[in-house]
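Just below is one structure, and these are the notes that go with it.
Please treat every number below as a calculation from the coordinates, not as lab data. Predicted model, so just to flag it, every value in this text is computed and none were measured. Quick reminder, even Gly has a Cβ in these numbers, built from the backbone with ideal geometry, and neighbours come from all protein chains shown.
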């Protein structure tokens, strides 16, 4: 065990999140999503798992270490409900609360049509499958940067 790390962040997930660069995307998906086949098309090329977690809990874990991109209009996407693009199911409301808490501000999920979501997911850096059994617990997050404050300089250097 490590201190101050969410226990859902296993070694493979931590490695992938750390290896991602600015602008890379991570998919957090429910148990209904075709995660294994989609993950084979990603940069990482294999599926990461958080089987014991629901979507909101997995989102909390991922966003505890992943900075969101502030240079894009929509750093967080959700899969639209088929035929009801304005419907926000409970699983997405729960993930929205985790997103807002992680960011300390409102960061609304942008909707993405189901097939467009699948296509986007195949272009992601990696896919993390959860144990979420409710539908539409599928999200994409774009990694941002952490800018360290300028280090003090010694006079004359």
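See the values below:
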{"quantity": "Relative exposure of 27, 145, 81, 91, judged by other C-beta atoms within 10 Å (fewest first)", "calculated": "145, 81, 91, 27"}
{"quantity": "DSSP-defined beta bridges in the chain - what % are antiparallel, rounded to 5", "calculated": "45"}
{"quantity": "Likely footprinting exposure, 50, 79, fewest C-beta neighbours within 10 Å first", "calculated": "50, 79"}
{"quantity": "Helix 90-103 vs. the chain, principal-axis angle (Cα, 0 to 90°, nearest 10)", "calculated": "0"}
{"quantity": "Relative exposure of 139, 109, 33, 71, judged by other C-beta atoms within 10 Å (fewest first)", "calculated": "71, 109, 33, 139"}
{"quantity": "Region 45-116 shape via C-alpha gyration tensor axes, a/c threshold 1.5", "calculated": "rounded"}
{"quantity": "Helix-derived mean residue ellipticity, 222 nm - over the chain, DSSP H n ≥ 4, -39500 (n - 2.57), to 500", "calculated": "-8500 deg cm²/dmol"}
